[in-house]
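The block underneath contains the structure these notes are about, expressed in structure tokens.
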Amino acid sequence: MATTTAIGGNGVGPHFDRQYSYAQRSRQSSSPHHHARTAALMARTAPSCNPITLTHPAQRLLQNDLSANQPGATSSGKAAAAEAIRQQRQQQQEQGEEYTWSTLDMGGMGLNNLSPVLTADYLFLTVLYINHNNLTRLPTSLSKLTQLTILDVSSNQLTQIPAELGLLVRLKELLLFDNQLANLPTELGTLYQLETLGLEGNPISSDLSQLLLEEGSAAVIANLRENAEVGMPPPQREMIRVLDDDEVDDDKKDDPAEKLSVLCYNVLCQKYATTQAYGYTPSWALGWDYRKELLMTEILRWNSDVVCLQEIEMSQFEDFFRDRFQEAGGYESIFFPKSRAKTMTDEERRSVDGCAIFYKASRFKLVAHHLLEYSQKVLQRADLKESGDTFNRVMIKDNVAVMIMLQDKKTGLRVLVANSHIHWDPQFADVKLVQVGILLEEIERFTEKHTHEEGGSPATKSSVSIPTVICGDFNSTPDSGVYELLAKGSVKQNHSDFGSHVYGKYTTEGLKHHLSSPLKSAYASIGELSFTNYTPRFRGVLDYIWYTTDTLDTVSVLGPIDQDYLDKVVGFPNPHFPSE
């Protein structure tokens, strides 16, 4: 039994005042639907208010759900209400209707339990009041209400909070006043956007209560986050076979010279790995000394022939990656920072990030390498140089690409590998298209230049037979113009990603590449991964490996991360994954 006292008392200071004032308001809201009545009163007195009719489908859903949870409701009554909700929701979806409300007030109703319908059909809720009831536990399924910004469970009979509430990363207010809570699960440390944590009236542990009164809610959340135990990592990702054995020539099945393994990875530039950007991640897990070892373990595990990395700071490459890759796998490497490095002092430029390609020196020799600076290359095209958008939008982005021509020491066959990091901002979809268009054109020129050089085998005398692999963080989803250009070979001049911007022939004739064969994403045959970027703000595919289909085919790809693990984390980086 807890022996500590509630937070209240003779405390002083802004954090105590906030706790006390919020608690007082909570205690005054004990009547049924207090918040709903208050909102209705304000709506009636507000100018130009539009009252909601009781016949709205959403209102009927609310009425049925409340009746199903009233004390004394029968099982048959609950089942009938739940079925009515499902039918009405289905009808509403079929008619194309959308919810016009996002707040649900079930406060002061004497509820003993919460209906499963709440977390099945009300995923759109942003505010939920279930205060002043008789709840002794909260269902873990509340974690499904990921849109919640306010959750009030004050004045119940709770002795613990489910750890799964840590998945509600949009929460701004979590009000737990007047329960029987002695401790909080450290998993709540992921609630990095929480502004108010209401704990007054609980026998909370003295260390947390003292921290709350002296430094506030954010300090409590940070304390939980920094002291959270690191759980078990997910099972290791498995390789997924894309081609069956009968689809591979017998003489190539067991010949290592016929296979090329490539890994693409954005390592997350250290200067971007801040607690401001990744507030859900413990600060120690963002530290470079911790992340760098995790990165090396993850990357070297796959023993790839070629490794393409983005967002490597120059200092990280020179002081860590270059030598560690050499020592651990016999890799040689090429690295170039973003164009801004040219304008900086030697010390300043060490913090500039760029792209690097590592290749196994035991298998390949480097024939040639090339740096592509997008901001400079666009000036070499007369039609692009005439556009104001080129100067105002493309030239101010200093992204780069690195490409190398490798030659297999045993077979003499050559392979071209390109690696790039395309501009990130969704508001610059046009710039992304221009950058990738320039990239493809430059790959064509680089290929042509080094196809007929002395030393190439007969198999490399035509650009058609140069295997080409294009890796990178393209910051573009599969529904983008960039993906369309790479996958289909062209985009129309009026593509929506161009918007109203003007880019010479790109926006008068369209954009296309003239590589020797169509390009294909490594995952296209089985479907792109569900994500390559996983944060609370965005989960989707931005990174790809593309290849020329007349010279290469995908035999196997790295499978997804275990879904059970993903269901328990809010995003990356975290103690198990060093990058987002």
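The values are calculated or read from the model by the stated rules, or taken from the named source; none is laboratory data. Owing to the predicted nature of the structure, the values given are computational and were not obtained by experimental measurement. Because the Cβ atoms are built from the backbone with ideal geometry, glycine has one as well, and the counts that use them run over all protein chains shown. In case anyone asks, the SASA skips ligands and DNA or RNA and just uses the protein heavy atoms, side chains included. Shrake-Rupley method; radii C 1.70, N 1.55, O 1.52, S 1.80 Å.
Over 27 Å from the mean Cα position of the chain (by Cα) and over 28 Å from GLN276 (Cβ atoms): is that true of ASP178 in this structure? Even if it seems obvious, please write down each step before you answer.
Numbers: over 27 Å from the mean Cα position of the chain (by Cα): yes; over 28 Å from GLN276 (Cβ atoms): yes.
Spelling it out, ASP178 is indeed over 27 Å from the mean Cα position of the chain (by Cα) and over 28 Å from GLN276 (Cβ atoms).
Restricting region 104-122 to residues that are open to solvent by 10 Å² or more (accessible area, probe 1.4 Å) and of a type in the set (A, V, I, L, M) leaves a set whose member that is farthest from HIS35 (Cα to Cα) is ALA120. Among the criteria (1) over 26 Å from ILE240 (Cβ atoms); (2) buried (at least 17 other Cβ atoms within 10 Å of the Cβ); (3) hydroxyl-bearing (Ser, Thr, Tyr), the one TYR359 does not fulfil is (1).
With the condition kept exactly as written, say whether any residue in region 377-397 is modelled with pLDDT of 95 or more, part of a strand (DSSP E or B) and either of a type in the set (Asp, Glu) or under 27 Å from ILE438 (Cβ atoms) (or both). No, because not a single residue in region 377-397 is modelled with pLDDT of 95 or more, part of a strand (DSSP E or B) and either of a type in the set (Asp, Glu) or under 27 Å from ILE438 (Cβ atoms) (or both).
Tally time: how many residues in region 306-356 are part of a loop (DSSP other than H, G, I, E, B) and open to solvent by 10 Å² or more (accessible area, probe 1.4 Å)?
So the first thing to find is which residues in region 306-356 are part of a loop (DSSP other than H, G, I, E, B), and the list is 330, 338, 344-347, 352.
From the residues that got through so far, the ones that are open to solvent by 10 Å² or more (accessible area, probe 1.4 Å) too are 330, 338, 344-347.
Residues that pass the stated criteria total 6.
For the structure I just gave you, tell me whether ASN223 is in a loop (DSSP other than H, G, I, E, B) and in contact (Cβ under 8 Å) with a residue 12 or more places away in the chain. Working first, answer last.
On the way: in a loop (DSSP other than H, G, I, E, B): no; in contact (Cβ under 8 Å) with a residue 12 or more places away in the chain: yes.
For ASN223, the condition - in a loop (DSSP other than H, G, I, E, B) and in contact (Cβ under 8 Å) with a residue 12 or more places away in the chain - is not met.
Cβ-Cβ distances below 7 Å connect the following pairs, each with a first residue in region 419-444 that is more than 20 Å from SER517 (Cβ to Cβ) and open to solvent by 10 Å² or more (accessible area, probe 1.4 Å), a second residue that is among the charged types (D, E, K, R) and in a strand (DSSP E or B), and a separation of six or more residues or different chains: HIS421/GLU311; HIS421/ASP473. If I ask for residues that are out of contact with any Lys or Arg (no Cβ under 9 Å at 6 or more places or on another chain) and either touching a residue at least 40 places away in the same chain (Cβ under 8 Å) or open to solvent by 50 Å² or more (accessible area, probe 1.4 Å) (or both), which ones from region 133-151 would you list? Those that are out of contact with any Lys or Arg (no Cβ under 9 Å at 6 or more places or on another chain) and either touching a residue at least 40 places away in the same chain (Cβ under 8 Å) or open to solvent by 50 Å² or more (accessible area, probe 1.4 Å) (or both): ASN134, THR136, ARG137, THR140, LYS144. Considering every residue within region 259-273, establish whether at least one is of a type in the set (Lys, Arg), out of contact with any Pro (no Cβ under 8 Å at 6 or more places or on another chain) and open to solvent by 30 Å² or more (accessible area, probe 1.4 Å). Yes, region 259-273 contains at least one residue that is of a type in the set (Lys, Arg), out of contact with any Pro (no Cβ under 8 Å at 6 or more places or on another chain) and open to solvent by 30 Å² or more (accessible area, probe 1.4 Å). The one condition from (1) farther than 21 Å from SER517 by Cα; (2) more than 28 Å from the chain's Cα centre (by Cα) that LEU413 does not meet is (1).
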